[in-house]
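The values are calculated or read from the model by the stated rules, or taken from the named source; none is laboratory data. Note that the structure is predicted; figures quoted are calculated from it, not measured. Ideal geometry is used to build each Cβ from the backbone, glycine not excepted, and the neighbour counts take in all protein chains shown.
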């Protein structure tokens, strides 16, 4: 697995856990704690993906969208 994929999977797992806790109304303190650390998790994921050493075979002029 590449280095930038772990933060993506971890953040997705965090989101699933947060939504599960939110919809089941487990504990207000836990919900507020998860909500308060969610920006840190998102910033970690974005930073990891943007600073990843992943080379593309295409230039910006060839394929600017890079969604394939």
Top-ranked residue of segment 34-44 - restricted to ones that are within 9 Å of the chain's Cα centre (by Cα) and in contact (Cβ under 8 Å) with a residue 24 or more places away in the chain, ranked as nearest to residue 55 (Cα to Cα): 44
Pick from segment 1-33, criterion under 17 Å from the mean Cα position of the chain (by Cα) and outside any helix (DSSP H, G or I), ranking: modelled with the lowest pLDDT: 1
